[in-house]
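Below is one structure, written out as structure tokens; comments come after it.
The values are calculated or read from the model by the stated rules, or taken from the named source; none is laboratory data. Predicted model, so just to flag it, every value in this text is computed and none were measured. Quick reminder, even Gly has a Cβ in these numbers, built from the backbone with ideal geometry, and neighbours come from all protein chains shown.
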């Protein structure tokens, strides 16, 4: 078949040494392959190859006890994942009789390494007395998968299905009008990123009770962009294990990838009462913390948005339950959150370094200080003002009390959600403009009462909200949609909290004590 390679078992031979050195050799091959990839194309394709410790950790999650195992590796790269799984099966006391691997990879550089990897797998299987076949498919996985689901996989009319799928899918946004988006829509999948598209198609290709282990960004766990994918995935799949890493730079440290990743094991089974193991560690095998929960604790069946709450520690349940008892929503508060209107590179001709005649304050994240907006800021290179004129009319809003939050937090910041009050008594101006890296809370387009604004900012800056947000969000970006989905106290409680805050925000410890006292002990 064009674009494929089939490898069968040869005469058994002693391969103990080969099995012991297989993964280190694969890791060397992975690093060599990574170095040969074009950096620009690699970034465009979202290619981050799996280190062997991660691959081995993932392979160990499979429960598969079948005598014949058909493995799918979609976006196989140099083959670290499927090799780790094959080696794990070889080393089991009751190993399979036969293993078949179908590996998709379209990069010609990686395909060469992948074929070498699968040849090493063949030798390892021969030493264990296991029949082994492998097929490398240098076709687009989404397109080939769509054909497979239509009953025409590889153009043979064959409906191939798999017992196990192991994935490190490419991470790349896909445009609404793109070919990938069109293919996915034809399968009933609506998603904005390639990695969730790969996961969705791989899930469809599994047999009943088939297993999937995948490492992906954590971003699919919440938010409206991935809600259609979550609903689609959960129709047929149930999680058995979810693992998160404490540090964002550990999973793909060789590639200097700063991304919160999650590894999950899911089974194609709609059994409602299944148990889920939730675990966390700094890196694979290091101080692993695990606990068992019910599937409905991971995903509340009454939550129409199907948000996935990954809570590795028991203490996290207390945080979730506490905020769940507050009883408020942003809509119930009568408030709205929007994204700042000024996209600075599109309004360069309106930007001014310092305020002057016919300008309004332009607020950036750098203006946050001590829970309030400090403006102007003479220590920043960012503009401090926006020139008024016809083009500026749609970029400014009326003066008032607004609660601002940073859309992006740096790795040095302790909290994901960082809030500040824009107080009109501190800044003399009839109008104000907020830059696009900020979200702002308002009441029907106008400012908030002073005490409500202070109370809301205090609540958002609390350690409790930070801990809750980290349960369902694995990235440092805080979108307006994330803020809308948070639980909120009642309006009267926020006003009481705001009165207690006064004109100066206390230390973090004092603020947390005050939030606890007013919202939960008052």
For this session: Quick one: which residue in 333, 298, 323 is out of contact with any helix residue (DSSP H, G or I) (no Cβ under 8 Å at 6 or more places or on another chain) and surrounded by 16 or more Cβ atoms within 10 Å (Cβ to Cβ)?
Result: 298
Problem set entry | Leading residue by the ranking (farthest from residue 165 (Cα to Cα)) among those in region 205-223 that are modelled with pLDDT of 90 or more and touching a helix residue (DSSP H, G or I) at 6+ places or on another chain (Cβ under 9 Å) | 220
Seminar exercise, completed: residue 432 meets each of (1) under 31 Å from the mean Cα position of the chain (by Cα); (2) modelled with pLDDT of 95 or more with one exception, condition (1)
Exercise. Any idea how many residues of region 224-237 are crowded, with 21+ Cβ neighbours inside 10 Å and either in a strand (DSSP E or B) or modelled with pLDDT under 85 (or both)?
Worked result: 1
Problem set entry | Selected residue [farther than 23 Å from residue 139 by Cα and crowded, with 21+ Cβ neighbours inside 10 Å] from 83, 103, 59, 78 | 59
Problem set entry | Meets criteria (surrounded by fewer than 17 Cβ atoms within 10 Å (Cβ to Cβ), without any contact (Cβ under 8 Å) to a residue 40 or more places away in the chain and touching a helix residue (DSSP H, G or I) at 6+ places or on another chain (Cβ under 8 Å)) for residue 506 | yes
Exercise. Which ones in region 123-152 are more than 23 Å from residue 170 (Cα to Cα), crowded, with 17+ Cβ neighbours inside 10 Å and at pLDDT 95 or above?
Worked result: 130, 132, 133
Seminar exercise, completed: Those residues of region 338-375 which are assigned to a loop (DSSP other than H, G, I, E, B), surrounded by 15 or more Cβ atoms within 10 Å (Cβ to Cβ) and out of contact with any helix residue (DSSP H, G or I) (no Cβ under 8 Å at 6 or more places or on another chain) amount to 340, 355, 364
Seminar exercise, completed: The residue that is modelled with the lowest pLDDT, considering only those in region 509-522 that are part of a helix (DSSP H, G or I) and exposed (fewer than 15 other Cβ atoms within 10 Å of the Cβ), is 520
For this session: Please specify each residue of region 245-277 satisfying the condition of being over 23 Å from residue 188 (Cβ atoms), within 17 Å of the chain's Cα centre (by Cα) and modelled with pLDDT of 90 or more.
Result: 262, 263, 265
